[in-house]
1. Indicate the gyration tensor shape class of the stretch 1-73 (rounded, prolate or oblate), computed on the Cα atoms with a ≥ b ≥ c the square roots of the eigenvalues: a/c under 1.5 is rounded; otherwise a/b larger than b/c is prolate and the rest oblate.
2. Per residue and in Å³, how big is the convex hull formed by the alpha-carbon atoms of the stretch 37-115?
3. Within a 10 angstrom radius of the beta carbon, how do 120, 56 rank from fewest other beta carbons to most?
4. Need one word for the stretch 91-153: rounded, prolate or oblate. Basis is the Cα gyration tensor (sqrt eigenvalues a ≥ b ≥ c); a/c below 1.5 gives rounded, then a/b vs b/c decides.
5. Running a GNM on the chain with Cα contacts under 10 Å, which residue among 65, 74, 48 ends up with the highest mean-square fluctuation?
Amino acid sequence: MLVGPNCVVSIYYTLTNDTGDVMDKSPEGQPLSYLHGAAGIIPGLEKELTGKVAGDEFNVTITPEEAYGRHQQEMVQQVPRSSFPGDVEVQPGMQFNAQTPNGPVTVMVTLVEEEMVTIDANHPLAGKTLHFEGKIDAVREATQEELDHGHAH
Ligand code: ZN
């Protein structure tokens, strides 16, 4: 069957950035399954897979707008170094959860200075052009339960 709304699609994929570094990859023998049309994967990849069938390969470049969005400067903040617990060694690349009025978000430390720490709440892949290469392993109709839940089981 063709990949379209209300299908569960299983894909093998490798995600690389503009310089060819592998950012993510489906484990050997464990394809990623998602419910098509339910925002389970980024819009650009979903668009690319629409109409394909099991066995088809794909190799697509996706702009930030069709992936994790632009990097938003207002989501970058500076906080005093003293606001971190004293026993935590704050280093660039460190991730932690912060409570916000909209619920918990994952933020990453991007710069550590003597007095101030710069943190970034953007998705780590925001602002990045993504390259997906892979193969469709299987396509099937979603069950009623999957449609009710809005995700693949
Ligand atoms: Zn469920």
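Derivation of every value follows stated rules applied to the coordinates shown; laboratory data play no part. Since the structure is predicted, the reported quantities are computational estimates derived from the model, not experimental observations. Don't worry about glycine lacking a Cβ; one is built from the backbone with ideal geometry, like all the others, and counts go over all protein chains shown.
1. Taking the square roots of the gyration eigenvalues as a ≥ b ≥ c, the stretch 1-73 is oblate.
2. Spread over its residues, the Cα hull of the stretch 37-115 gives 164 Å³ apiece.
3. In order of increasing Cβ crowding within 10 Å: 56, 120.
4. Oblate, because a/c is 1.5 or more while a/b does not exceed b/c.
5. 74
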